[in-house]
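Visitor: One structure is given below, represented as structure tokens, and several questions about it will come after.
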Ligand code: KG4
Ligand code: ZN
């Protein structure tokens, strides 16, 4: 089955054609990240307008790239929650119109769970059950995966998401938005031992994460006891701070992922979400998995950041199970890992 996936939850407009939840025929993406660098974050109203401008052309392009027409489709999948509501509306409306006009099944996809479904892309077989971590800009949680596209939350952050912490730490250090890639790049030159940062809950037996303490400790060391002084670090000090911060966050994520795998007795682990692009995290979980004898599923970086192939993949599994959204589907700003049945709002 060929599924058209549409993603428009934040500032990336993306469209993909994926066969059987695994084989990517074509994918295109228009990111507004550069536009938002000047603002220091996503401006929802502008992001929404960007999707309206980009989406029709991207749908056209992905079909041309794959050399197919809408006649080839077996289903349509769209990221329906969570996300910026103005952004979601564009993707959901487009997906509904295509599905309705063509008489195709429509899948309403949870963006967070789609980040984990990305492990199926370009991979023939995935071993279940597994424990998965989604670490993104708005989310950092652990899931028990029972089957493709069936994930139950089992723990996660009690405050910031890991990506949010990266972005805030970058702002503290005078680096641009989004902060994750910049910290990743500078950390490679830095000395993590040059700054001491805490690691919340690291040695307890819960699956809790917390990044507020790490972030605040960095702020005080970089900008004085009230966190309001000009930056006290030179270029080398910033590299070191990036390395220390990244090491602390990666330590927490990787340690708890391994703990979750042990607690649940699974033989496979997975990581998805934008933070899974981080080179130190990828290296650390690869090392941990090898030492613990666990299978590791780590999507290609283009499928860790927001993309539409992951939406098509999860949509495929939902449609195959008969989880079809109706014409009354409305997107939701929240609803992460929540019910798949679309809710009506008033
Ligand atoms: O999954 P994603 O693309 O969008 C959301 O669903 O939130 O994740 C975006 C987040 C941002 O916070 C960004 O700073 C972070 O992922 N990120 C990274 C890296 N690349 C992106 N964090 C650490 N290291 C990276 N290389
Ligand atoms: Zn995402």
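Visitor: Treating the Cα atoms of the stretch 130-299 as identical point scatterers in vacuum, please give the log10 of the normalised Debye intensity I(q)/I(0) at q = 0.09, 0.14, 0.18 Å⁻¹, two decimals.
Guide: Treating every Cα as an identical point scatterer, log10 I(q)/I(0) equals -0.29, -0.67, -1.06.
Visitor: Can you list the residues of the stretch 230-247 with backbone N under 13 Å from a point 7 Å past the Cα of residue 287, pointing along Cα to Cβ?
Guide: Answer for the stretch 230-247: 247.
Visitor: Also, I was wondering about something else. Enter the angle in degrees (range 0 to 90, nearest 10) between the Cα long axis of helix 162-172 and the first principal axis of the Cα atoms of the chain, meaning the one along which they spread out most.
Guide: Its long axis makes an angle of about 50 degrees.
Visitor: What relative contact order, as a whole-number percentage, does the chain give when Cα pairs under 8 Å and 6 or more residues apart are counted?
Guide: 25
Visitor: Hull surface divided by four, with the convex hull built on the Cα atoms of the stretch 266-328: how many nm²?
Guide: 5.7
Visitor: Just need the relative contact order of the stretch 130-299 here, percent rounded to a whole number, with Cα pairs under 8 Å and 6+ apart.
Guide: Value for the stretch 130-299: 28 percent.
Visitor: Given axes a ≥ b ≥ c from the Cα gyration tensor, I'd like to know whether the stretch 72-167 is rounded (a/c under 1.5), prolate (a/b larger than b/c) or oblate.
Guide: In terms of gyration-tensor shape, oblate.
Visitor: Which of 12, 164, 60 ends up with the largest GNM mean-square fluctuation for the chain, with Cα atoms connected below 10 Å?
Guide: Highest fluctuation of the listed residues: 60.
Visitor: Taking every DSSP beta bridge that has both residues in the stretch 130-299, what percent is antiparallel when rounded to the nearest 5?
Guide: Percentage antiparallel, nearest 5: 55.
Visitor: Still on this model: Which of the three applies to the chain, rounded, prolate or oblate, going by the alpha-carbon gyration tensor with a ≥ b ≥ c and a/c under 1.5 meaning rounded?
Guide: Prolate shape, in that a/c is at least 1.5 and a/b is the bigger ratio.
Visitor: Normalised by the residues of the stretch 1-138, what does the relative contact order come to in percent, with Cα pairs under 8 Å and at least six apart?
Guide: 28
Visitor: Rounded, prolate or oblate: pick one for the stretch 193-271, where a ≥ b ≥ c are the square roots of the eigenvalues of its C-alpha gyration tensor, a/c under 1.5 means rounded, and failing that, prolate if a/b is larger than b/c, else oblate.
Guide: Because a/c hits 1.5 or more and a/b exceeds b/c, the stretch 193-271 counts as prolate.
Visitor: Okay, moving on. Kindly provide the helix-only [θ] at 222 nm of the chain, computed as the sum of -39,500 (n - 2.57) over DSSP H runs of four or more divided by all residues, to the nearest 500 deg cm²/dmol?
Guide: Taking each H run of at least 4 residues, the total per residue is -13000 deg cm²/dmol.
Visitor: Where does helix 44-66 land angle-wise versus the long Cα axis of the chain, in degrees 0 to 90, nearest 10?
Guide: That helix lies at roughly 60 degrees to the long axis.
Visitor: Same structure, new question: Can you put 39, 81 in order of Cβ neighbours within 10 angstrom, beginning with the fewest?
Guide: In order of increasing Cβ crowding within 10 Å: 39, 81.
Visitor: Something else now. When the chain is fully extended, how far beyond the present Cα-Cα distance does residue 212 get from residue 124, taking 0.36 nm per residue of separation?
Guide: That works out to 27.8 nm of additional length.
Bear in mind these aren't lab numbers, they're just calculated from the coordinates by the rules spelled out. Everything quoted here is computed from the prediction, not taken from an experiment. Neighbour counts are summed over all protein chains in view; Cβ atoms, including those assigned to glycine, are modelled from backbone coordinates with ideal geometry.
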